[in-house]
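Step one of this worksheet: look at the structure below.
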């Protein structure tokens, strides 16, 4: 389904479409997982309201999802999901407010942050393998006196790893010391991998943790590619992330930065999919992620 088709849906059709994405073949109670249910009909009941035949609780397709308790039409949610999934460098809350006719900037901001939460990868992920590149970058303005990169107190460090032709993962960190970066790498990279980094000392000693060792590309000596060794993949992701934050969002607070990284990681990890497939994948990830806006930005 594309954006034009979404725009032509009625609210009833949008709800039915969401049900086919989340429940696929049969209605499932979000409280007990039962597929036995009653359907409420008539003017006294809102459309899409069900009652579980086993636990007796009432529910709709939005219960226990990112959309839980939202007063926005489901059609608005679907269009917001599509715009964020199909925009390579993201879409700002202010732009979304204008395009979808939302009542306030706060509503648009809450909507975008909840969608970013849905884009967050499941904690039951598989570790990266093969050729894996690790690096760190710094998000924010210039430090005092114009200092850039490592050592800048005005910037927020983000650690990242990417599997060649595969997924990328990031983590906002407080510092880029050995304990922090090694823990991040070991938590996310399979031991049957070849790790590739620059010469930053914090990565030293990781070679013994991986079957195929640890290769270093010495950027300080003007070396960026040596045979099939480079950090070009992770550098490409950093470039996309920074262009999006600098060109679309302009400034991102530290407390929101992890959500923005989740968004860019999701689009990178589904870059080989079409916009419609990526959109449906994001919708499937709303399940079990009921969350309040205040919790997201805490």
Helix 74-86 sits off the longest principal axis of the Cα atoms of the chain, rounded to the nearest 10 on a 0 to 90 degree scale, by 20 degrees
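Counting only DSSP beta bridges with both residues in the chain, tell me the antiparallel percent, nearest 5. Before the final figure, lay out the partial values.
Working: 21 of 29 bridges.
The antiparallel proportion sits near 70 percent.
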Protection proxy (average C-beta count within 10 Å per residue), highest first, orders 242-248, 223-229 as 242-248, 223-229
Whole-percent tail of the Cα-Cα distance distribution for the range 1-142, cut at 17 Å, equals 70 percent
Counted neighbours (other Cβ, 10 Å), sorted fewest up, put 138, 105, 260 in the order 105, 138, 260
Residues 289, 208 in order from fewest to most other beta-carbon atoms within 10 Å are 208, 289
Per residue, the convex hull enclosing the Cα atoms of the range 191-241 spans a volume in Å³ of 95 Å³
Note to self: C-alpha centroids of the range 213-268 and the range 185-209 sit apart, in Å, by 17 Å
If the label point sits 7 Å along Cα→Cβ of residue 8, residues of the range 51-90 with amide N under 19 Å come out as 75-76, 78-80, 82-83
Relative contact order in percent for the range 126-260 (Cα pairs under 8 Å, 6+ apart) equals 24 percent
So, relative contact order of the chain in percent, Cα under 8 Å, 6 or more apart, is 21 percent
A chain fully extended from residue 36 to residue 296 at 0.36 nm per residue, minus the present Cα-Cα distance, gains in nm 90.2 nm
Taking the chain and counting helices only, DSSP H stretches of n ≥ 4 at -39,500 (n - 2.57) each over all residues, the nearest-500 ellipticity at 222 nm comes to -11000 deg cm²/dmol
Across all Cα atoms of the chain, Rg and the largest Cα-Cα distance (Dmax), in Å, are 21.9, 74
Per the Cα gyration tensor, the range 241-298 corresponds to an equivalent ellipsoid with semi-axes, largest first in Å, of 21, 19, 7
Exposure-ranked with fewest Cβ neighbours within 10 Å first, 251, 71 stand as 71, 251
Rounded to the nearest 0.05, FRET efficiency between residue 289 and residue 191 (Cβ-Cβ, R0 25 Å) equals 0.25
Once both label points are put 7 Å beyond Cα along the C-beta direction, the residue 236-residue 98 separation in nm becomes 3.2 nm
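Values in this text are rule-based calculations from the coordinates and carry no lab data. Owing to the predicted nature of the structure, the values given are computational and were not obtained by experimental measurement. Virtual Cβ from ideal backbone geometry, glycine too; neighbours counted across all protein chains shown.
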